[in-house]
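Notes follow once the structure below has been shown.
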Amino acid sequence: MSKLAIDGGKPVRSRKNFLVFGAPQIGSEEIAGVVDSLRRRWVGTGPKVSEFEQAFARYKGSSHAVAVNSCTAALHLSILSLGIGPGDEVITTGMTFCATVNAILHAGATPVLADCDPRTLNLDPNQVARKITKRTKAILPVHFAGLPCDMNALMKLAKAHRLHVIEDCAHAIETEYRGRKAGTFGALGCFSFYATKNLTTAEGGMVLAKNEALADKLKRLALHGMSKDAWKRYSDSGYLHYDVVDLGYKYNMTDLQAAIGLPQLRRLEKNWKRRRSLWKKYQEAFADLPVDLPAEPLSHERHAYHLYTPLVRKDSKRSRDQVLAALTAENIGVGVHYRALCDHPYYRTTLGWKRKDVPVAAGIGDGTISLPLSPALSDRDVDDVIAAFRKVMGK
Ligand SMILES: *Cc1c(COP(=O)(O)O)cnc(C)c1O
């Protein structure tokens, strides 16, 4: 890339004020909660994890929530708990994070990509229908950026072909579709509490399960395959024997993580309102730029406003990568969510994925850019993002 392409004169922000993309909002309650757990010396899976599971289930209106150490673990266990494995196919979108397909691969199953809708960036139900075979066992939709997928169409397809639905809700904690909450449509809904997500526990995840049997299985698989409530074995009720009844993993959440998550959950709706107002401000400020603005939610949809992802159009003077470099030179941190999965060498080599299999996702992956959208941004920060993006896009 030429120096000229990114030389924009005096940057909008100073170097020492570099705006970090996706920095979480951490308050004094989170700090006090972690210190409290440390003082009590219960640092593993304990009462705060239980409390966090219950509070999250209540927020989502679900009866069964199982906390784990990442959304990747949540997806992996979800696929395993439905008995999906070698020889089975799981259909997902070409426009998602690698963890979505890695979880399918770790379970021994075969991920099959379907293309996304160019407006919503969500799985296109017509494309899913074309990919269903005798081996298909599940559909794994991702509510991209927090905008819900067309769940009526996807659930109808799943019912007609007797397929499981596992929702990747990593972007979709606050998302709703026709009054129903994301993560409660399928058998299982998987959430991420990674540092940049709408709610963070530093690292962490959660699964919502349709019924108790699935929730019990997930709990077991998340902790070595040990029998129920094994985490209580060193508590004040005295030592308890446990049985290993499954080949499980080490995917449990700790009380230190739950201590961060509890106050984050209490602030969730307040932060959602803040992000919604930033999102609206961006939509107005960028309406005249050579970019495709992200899709607005329809009247029956509730957006989680997790990511703000304008698409740098082909007719723009700068390529997406030049825009990324120029914004970095303005000392504004940016992200890319995501380059299409078919562009990564591992999947091209081992699964033979090609851009022509998912042309819409491939095109989005070439042009998309993510601007900062954290509730921790000050009004000044937001003005800087707007000034920098307008400048870089030639306005
Ligand atoms: C972040 C993310 C994941 C993985 O979440 P972790 O908690 O980091 O494992 C999975 N899918 C999507 C769509 C994500 O954005």
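Over region 236-395, what per residue volume does the convex hull of the Cα atoms give, in whole Å³?
Spelled out: Cα convex hull of region 236-395, divided by residues, is 223 Å³.
Cα axis of helix 151-160 to longest principal axis of the chain: angle in degrees, 0 to 90, nearest 10?
50 degrees
Need one number: convex hull volume per residue for the chain, Cα atoms only, in Å³.
Taking the convex hull of the Cα positions in the chain, it is 143 Å³ per residue.
Report the gain in length on full extension from A387 to H241: 0.36 nm times residue separation, minus Cα-Cα distance, nm rounded to one decimal.
Stretched out fully, the A387 to H241 stretch lengthens by 46.4 nm.
Figure the gain on full extension for K270 and T349 (residue separation times 0.36 nm, minus the Cα-Cα span) and round it to one decimal in nm.
24.0 nm
In square nanometres and to one decimal, what's the mean projected area of the convex hull around the Cα atoms of region 25-115?
8.1 nm²
Net charge around V358, counting only other residues with Cβ within less than 13 Å of its Cβ (Lys, Arg = +1; Asp, Glu = -1)?
Local net charge: +1.
Sorting check: for 187-194, 331-338, 87-94, which peptide has the highest mean count of neighbouring beta carbons within 10 Å, and how do the rest follow?
187-194, 87-94, 331-338
Taking 8 Å as the Cα distance limit and 6 or more residues as the minimum spacing, I'd like the relative contact order of region 327-390 as a percentage.
41 percent
Using only the alpha-carbon atoms, how far is helix 320-329 inclined from the longest principal axis of the chain? Give it as 0 to 90 degrees, nearest 10.
The two axes meet at around 90 degrees.
Considering the alpha-carbon set of region 1-152 alone, what are its Rg and its Dmax in angstrom?
Spelled out, the Cα radius of gyration and Dmax of region 1-152 are 21.3, 60 Å.
Calculate for the chain the 222 nm mean residue ellipticity that helices alone would give, adding -39,500 (n - 2.57) per DSSP H run of length 4 or more and normalising by residue count, nearest 500 deg cm²/dmol.
Roughly -11500 deg cm²/dmol at 222 nm, from the helical runs in the chain.
Restricting to Cα pairs below 8 Å that are 6+ residues apart, what does the relative contact order work out to for region 273-313? Please round to a whole percent.
Taking the mean separation of contacting Cα pairs over the length of region 273-313, I get 46 percent.
Report the trypsin sites (Lys or Arg not before Pro) located in region 81-137 that are in a DSSP loop and have at most 15 other Cβ atoms inside 10 Å of their Cβ, or state none.
In loop regions of region 81-137 (DSSP not H, G, I, E or B), the sparsely surrounded trypsin sites (Lys or Arg not before Pro) are R119, K134, R135.
Pairs of alpha-carbon atoms within less than 8 angstrom and 6+ residues apart define the contacts here; what relative contact order does the chain have, in percent?
Relative contact order for the chain comes out at 24 percent.
Just want the answer: with Cβ charges of +1 for Lys and Arg and -1 for Asp and Glu, which residue in N211, L268, Y239 is farthest toward the dipole's positive end in region 205-291?
Checking the options against the dipole of region 205-291, the answer is L268.
Take the Cα coordinates of region 149-299, assign each an equal point scatterer, and use the Debye formula without solvent to give log10 I(q)/I(0) at q = 0.11, 0.19 Å⁻¹.
-0.61, -1.28
Of K48/K197; K48/K181; K181/K217; K219/K354; K134/K228, which sit over 30 Å apart, Cα to Cα?
K219/K354; K134/K228
Convex hull over the Cα atoms of region 102-152, averaged projected area in nm²?
4.0 nm²
If Lys and Arg each add +1 and Asp and Glu each add -1, what is the summed charge of the other residues whose beta carbon sits under 9 Å from the beta carbon of R135?
0
If the reach is capped at under 16 angstrom between alpha carbons, list the aspartates and glutamates near K16, excluding any in the same chain fewer than eight residues apart.
K16 reaches E330, D381, D384.
Read-outs throughout are calculated quantities, based only on the coordinates presented, and are distinct from any laboratory measurement. In this text, all values refer to a predicted model and were calculated from it rather than measured experimentally. Note: ideal-geometry Cβ built from the backbone for every residue, glycine included; neighbour counts use all protein chains shown.
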